[in-house]
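Inspection log for the structure reproduced underneath, given as structure tokens.
None of the figures in this text is laboratory data; all of them are computed from the coordinates on show. The structure presented is a predicted model; accordingly, all values stated were derived computationally and were not measured. Heads up, the Cβs are rebuilt from the backbone with ideal geometry, glycines too, and the neighbour counts pull from every protein chain shown.
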Amino acid sequence: MPKASSTPHSSAYLNALTQEIHKKLQRALASPSQRRNLLQELFADIALEVDDRAKDAILSREDDVISPADNRSDGQLCFYDVLADYYVGVPESGKAILNLIVQLWSQSFASHIFALLFHKWLFEAELDNSEVLLRYSSALVQGATNVFWIDIQTNTRRFRSLFSYLLEEVVLEPARLNKIPVQAQRDLYLLLARFILFYNSADKLESFLKQFPAFPNAFLVGGPADVFVIELADQLLKLKVEPVLLYYLSQIKVLRGMELRMTTSTRLKTCLYSFTCPGGPMYPTRAVRHAAWDALDFLFPVGRYPRHLISLFFRLLYPWYWPSSCWNFIMGCVKTILYSLFELIFSRWAKVTRPRKQ
């Protein structure tokens with residue numbers, strides 16, 4: 001991956017941004033009562049998308065220079081993207097900020113800020129102290145987990161570039177991955193396993209599973225595919241945002257044909273089946289129930305009809321669900337009949353008009 005270079009003008013702008021970040025961190029360190037609010041504001045600032053005026057000041061326009069935006073596939077460029085590249089190219093500029101973050105280590109949003117600003121620096125810098133390296137690696141995993149959950153809660157992809165870097169430039173590149181301790185490597189793999197479908201990276205799932213590290217309890221949980229499915233099932237049970245859950249259920253179909261242990265397969269079935277039943281404890285909506293049924297029937301076609309019969313039997317035990325079920329059934333039949341009639345009319349009309357045109 002080519003590193004971004006910067007002109008003197010863009011370097012001056014990024015240096016000014018660095019000074020502002022340093023001032024806000026100093027204010028947070030000096031005022032314990034306002035510390036959380038100041039760190040939250042700083043996190044929100046560096047997570048903002050770069051506007052057009054700032055892009056002209058930050059990004060280089062020279063022909064022989066590669067700007068950070070040239071490596072972005074989604075077109076979205078945030079301040080943390082350019083600052084992370086800047087701290088890799090000019091490591092001295094981020095030392096003062098890093099020292100202040102270490103002093104605020106236990107505070108909320110400190111790990112968020114570290115993950116956004118220094119996720120590239122951590123894998124490019126030469127750190128000989130194993131304790132410091134473990135501390136930074138743990139903070140990276142914790143901070144990345146927190147920011148990815150912010151995307152989940154808001155149903156956005158603002159931190160997609162952070163995920164893409166950790167997946168494509170770290171996990172799939174052993175030279176960088178081996179710079180952090182083994183335990184941090186395992187935590188990073190588990191983190192990416194929970195969000196790989198959310199960030200539209202299902203096409204890299206095969207390569208991701210091939211690079212999966214060995215776990216101490218592998219004889220209990222199984223191979224890489226089993227660990228991945230277990231993490232994914234746990235992630236589904238934690239999701240409370242309906243559009244995100246529907247997206248996961250639509251993407252989970254990539255698991256078809258994956259060789260799993262019986263216990264892992266049963267765990268996934270139980271997870272999906274929990275979304276097919278109305279009422280507590282999940283209270284899934286009708287759209288979620290249908291999406292869960294589609295995923296369950298697609299991944300496990302054997303036993304499809306007995307499952308539906310059993311579900312229908314239990315639905316009959318709750319009379320208060322009958323009116324809505326009958327209404328949805330009637331509306332579904334009406335829509336099917338109307339769609340069939342429209343399709344028949346249009347097909348007849350096409351046959352009649354085709355000879356005339358000829």
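A few remarks follow.
- Computed over the chain with a Gaussian network model linking Cα atoms closer than 10 Å, the most mobile of Val141, Val170, Val132 is Val132.
- Virtual spin-label span in nm between Glu343 and Phe298, 7 Å along Cα→Cβ: 1.9 nm
- Nearest-0.05 FRET efficiency for Glu173 and Leu209, computed from C-beta distance (R0 22 Å): 0.90
- By the rule of a C-alpha distance below 15 Å, with chain neighbours fewer than 8 residues away ignored, the aspartates and glutamates paired with Lys238 are Asp151.
- With Cα atoms, 0 to 90° folded angle of helix 8-30 axis to the chain main axis: 90 degrees
- Computed extension gain for Gln183 through Ser311, at 0.36 nm per residue and net of the alpha carbon distance, reaches 41.8 nm.
- Three-way shape call for segment 138-207 based on the alpha-carbon gyration tensor, with the a/c threshold at 1.5: oblate
- Helix 35-46 axis, angle to the chain major axis (alpha carbon atoms, nearest 10°): 80 degrees
- Seen from Lys24, the other residues with C-beta closer than 10 Å to its C-beta sum to a net charge of -1, counting Lys and Arg as +1 and Asp and Glu as -1.
- Once both labels are positioned 7 Å from their Cα atoms along Cα-to-Cβ, the gap between Leu127 and Val241 label points is 2.9 nm.
- Against the main long axis of the alpha-carbon atoms of the chain, helix 322-357 sits at an angle near 90°.
- For segment 208-299, the square roots a ≥ b ≥ c of the C-alpha gyration tensor eigenvalues yield an a/c of 1.5 or more together with a/b exceeding b/c, which makes the shape prolate.
- Labels on offer are [x] 22.5, 75; [y] 25.6, 84; [z] 20.2, 68, and the one holding Rg and Dmax of the Cα atoms in Å computed from this structure is [y].
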